[in-house]
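Q: This structure is in structure tokens; I'll ask about it shortly.
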Amino acid sequence: MVDKQKFQELLDIDDIAERNIVLRRAFTAYTTPIDVTGSEAAALTILLNLTYPRKRVDDLLDKRLAKQTLNTDAHLDGCIDEVKWLHTHNLKYPDIRVSKQRLIAPSPFSHPHVLSSANCTRALGWSHDSAKVNLAKLFSCHFIWQERVCCLSTLLIDPPNEWKTAFKELGMPVKHFMNLCGRVKASLPIIDSPNRVDKYSIQVRLPYRDGYLAITPVASHALQAEIQQAAMAKQGRYTNIEFTRPAAVSELSASLGGNVKVLNYPPRVGNAVHGLSDSWVLKVQASQTVLNQGALSQPRFKRALEGLLSNGFELALKQRRLQKVASMRQIRATLTEWLSPLLEWRLEVEENKVNVSELACIHGSFEYQFLTAQKEKLAGLLSPMFSLLNTVLSNSNASQKYAFHQRLMKPLKSSLKWLLDNLSKEPNAVVIASDEENQQRYLYLKGIRVFDAQALSNPYCAGLPSLTAVWGMMYNYQRRLNESLGTQLRLTSFSWFIRQYSSVAGKKLPEYGMQGTSENQFRRAGIVDHRYCDLVFDLVFHIDGYEEELEVLDGSINALKASFPANFAGGVMHPPEIGSVDEWCGLYRNEASLFTQLSRLPVSGRWIMPTRYQMSSLDELLVLLEQKASLCPVMSGYLLLEKPKSRRNSLEALHSYAESAIGGVEYATAIEIRLQGMSNFFRRAFWMLEIKESSMLMKRI
């Protein structure tokens with residue numbers, strides 16, 4: 001195997017300082033485990049010497065020091081003592097004040113649409129006293145042995161002869177070796193969990209059976225380690241979460257110097273543009289384009305074109321198909337973005353916000369033809385639009401080679417035809433149910449502002465706030481509304497449109513509290529690094545209930561406004577500023593009237609859409625993120641690590657530790673949703689929380 005050869009190559013490096021650096025790196029959790037099969041004695045020597053501070057070890061292959069370590073009972077006892085702090089999920093992440101607890105749990109059930117430790121190779125991490133981080137390395141550093149990933153603590157539970165021989169070579173008698181194995185086995189049970197919830201551990205209440213369940217989200221060491229390995233291999237986009245006391249967080253954090261990587265995919269939301277019809281007219285008169293030319297110079301558009309050009313060179317048929325589909329989708333999305341100003345302008349003309357007589361000064365231009373053409377005649381503009389596209393590409397140095405390219409003519413033309421065909425379609429016929437049959441409502445909240453929302457949605461993802469945070473806010477809204485009206489209405493699902501998004505720089509200074517072992521010192525807690533964002537968004541809630549309760553709701557707009565929650569994802573939430581939007585809280589009886597409003601949303605915003613993509617590993621997720629620019633990883637719910645049980649300090653009668661799951665959402669522009677039509681929107685754009693015995697996950701309705 002290549003890894004075996006690589007390990008031997010590392011051992012053969014002559015320069016001791018260089019060899020020490022690469023060997024230390026090879027046995028860290030942020031690098032892919034190295035195969036030590038056949039070199040057990042050398043691996044054991046390195047692991048023993050890693051238990052000392054760096055300045056005390058001149059050579060990691062120093063057998064004399066390794067033998068001395070095995071014969072120093074106090075030092076070896078310290079290493080064995082740290083086995084009882086190995087974990088599968090880190091209770092001290094990110095708050096190091098959680099103490100004297102560890103969690104060893106089986107992997108959660110695998111789910112095809114989310115990523116968790118169930119999709120990773122099982123591995124153990126360490127977190128305890130920061131002063132003992134080096135002692136923990138003997139039994140916690142992972143490597144490959146006989147084609148499986150393991151560490152000494154898991155190997156010695158049923159000790160192989162090869163490792164018995166390695167310990168014997170370094171001077172440990174067989175009797176002492178078997179005693180060591182027994183002590184390690186006793187310190188590492190198959191399952192271990194605390195009998196109380198630490199006061200510093202987060203607890204989240206979720207509906208469960210006929211009541212509520214308290215959940216403590218925990219970080220998987222295996223998934224965190226794989227994310228660090230992918231970051232080191234420069235796969236995906238990341239941001240740093242910094243810890244000032246990394247050794248107190250975990251051995252993984254300590255090896256990274258406190259700079260833990262998390263996936264970073266914030267939403268691409270542009271600046272809203274309003275009321276530019278006059279300036280667009282002036283541009284056309286000055287022979288300037290109103291189209292979004294920047295869209296055609298984006299790297300993702302060039303990658304899509306290159307994907308079509310190189311499609312024939314892929315070996316696997318499935319790969320060719322996937323690449324072609326991904327490329328065509330990206331080309332359509334880019335061309336829609338390119339034409340978005342004209343599409344917005346045409347919508348204003350259709351809604352009589354712009355009088356056709358005002359466009360007389362640009363008569364004869366392509367823009368005039370597009371703005372005034374009847375829907376059924378839009379397809380006739382395909383040829384001039386295609387010619388315009390190739391002209392724009394040929395005038396750009398970066399895109400010149402794609403203009404009039406023989407292999408790109410057909411896909412580009414078909415993409416423009418798809419766009420014009422969708423614009424030409426008449427709105428879907430809508431059957432409006434009678435009041436007696438219409439036992440549902442849609443609540444539309446427009447222009448909601450949130451400040452300092454938590455953008456680090458779970459220990460693995462930064463960018464978009466958690467989907468469960470939106471659901472939690474909706475559920476809180478439902479409780480407040482029912483309490484106010486005396487009803488039993490249900491807000492069953494939501495659709496989410498982000499108008500504006502901006503990251504908040506800097507770290508938040510924690511508030512004062514009673515700290516210290518006796519809780520008698522008034523001081524600030526340690527700063528825990530997070531990511532925050534400011535948002536402006538719209539929300540659509542689907543409401544179910546009995547008709548008499550819905551009729552009560554119809555006449556209670558003031559109660560709807562008064563019951564609106566004040567918090568979202570840890571941030572402060574406000575209605576829009578007076579005068580910034582029309583009525584911000586609207587109740588709709590049918591989908592047609594609501595979609596009329598939603599179709600007018602600004603092209604700069606993004607709908608947060610469910611996807612059907614499946615992922616069985618982190619590598620598959622990263623490939624999806626690379627292939628599809630509109631895809632984003634986000635916190636999608638919880639996977640329980642155990643059956644709920646009673647624990648001291650729990651907020652509810654039942655408590656469970658749970659792992660945060662990474663899911664995927666797709667950003668869709670307002671124009672894409674408009675083109676795809678009303679039925680597609682109400683079928684695809686709504687999220688609900690699916691609660692099962694072992695999981696609570698966000699899914700498409």
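Q: Using +1 at the Cβ of each Lys and Arg and -1 at the Cβ of each Asp and Glu in the chain, identify which of Ala398, Gln203, Ser502 lies farthest towards the dipole's positive end.
A: Ala398
Q: Add -39500 (n - 2.57) for each DSSP H run of 4 or more in the chain, then divide by its residues: what number comes out at 222 nm, to the nearest 500 deg cm²/dmol?
A: -10500 deg cm²/dmol
Q: Now for a different question. Can you tell me which lysines have their Cα less than 22 Å from the Cα of Lys168? Leave out same-chain residues fewer than eight positions away.
A: Qualifying lysines at Cα under 22 Å: Lys63, Lys67, Lys137, Lys185.
Q: Scanning the chain for helices, which whole DSSP H stretches are 24 Å or more long along the axis (Cα) and average -1.0 or more by Kyte-Doolittle?
A: Answer set is 317-350, 467-485.
Q: Return Lys283, Lys377 ranked ascending by Cβ neighbour count within 10 Å, so the fewest neighbours appear first.
A: Going from sparsest to densest Cβ surroundings: Lys377, Lys283.
Q: Output needed: percent of Cα pairs per 5 Å distance bin for the stretch 56-147, bins running from 0 to the one holding the longest distance.
A: Pairs per bin, as whole percents: 2, 11, 17, 19, 18, 14, 10, 6, 2, 2, 0.
Q: Output the pairs from Lys318/Lys375; Lys302/Lys507; Lys377/Lys410 with a Cα-Cα distance over 28 Å in this structure; if there are none, say none.
A: On the way: Lys318/Lys375 38 Å; Lys302/Lys507 37 Å; Lys377/Lys410 21 Å.
Table pairs above 28 Å Cα-Cα are Lys318/Lys375; Lys302/Lys507.
Q: Quickly rank 9-16, 84-91 as a protection proxy: mean count of other C-beta atoms within 10 Å, highest first.
A: Top of the packing list down: 84-91, 9-16.
Q: To continue, here is another question. Counting pairs of alpha carbon atoms under 8 Å apart in space and at least six apart in sequence, what relative contact order in percent does the stretch 277-424 give?
A: Normalised by residue count, the contact order of the stretch 277-424 is 27 percent.
Q: In Å and on Cα atoms, what radius of gyration and Dmax does the chain show?
A: Radius of gyration, then largest Cα-Cα span, for the chain: 29.8, 99 Å.
Q: How much length is gained on full extension from Ser484 to Ala233, taking 0.36 nm per residue of separation minus their Cα-Cα distance?
A: Taking 0.36 nm per residue and subtracting the Cα distance, the gain is 84.9 nm.
Q: Using the 10 angstrom Cβ neighbour count as an exposure proxy, how do Phe143, Phe537, Phe177 rank, fewest first? Each step should come with its number before you reach the end.
A: Working: Phe143 22, Phe537 26, Phe177 19.
Ranking Phe143, Phe537, Phe177 by Cβ neighbours within 10 Å, fewest first, gives Phe177, Phe143, Phe537.
Q: OK, next. Using a 10 Å cut-off around each Cβ, can you sort Asp59, Asp582 from fewest to most neighbouring Cβ atoms?
A: Sorted ascending by nearby Cβ count, the order is Asp582, Asp59.
Q: Let me ask something else about it. Taking Cα pairs under 8 Å and at least six residues apart, what relative contact order does the chain come out at, in percent?
A: 16 percent
Every number here is computed from the coordinates shown, using simple stated rules; none is lab data. Everything numeric in this text was worked out from a predicted model, so none of it was measured. Don't worry about glycine lacking a Cβ; one is built from the backbone with ideal geometry, like all the others, and counts go over all protein chains shown.
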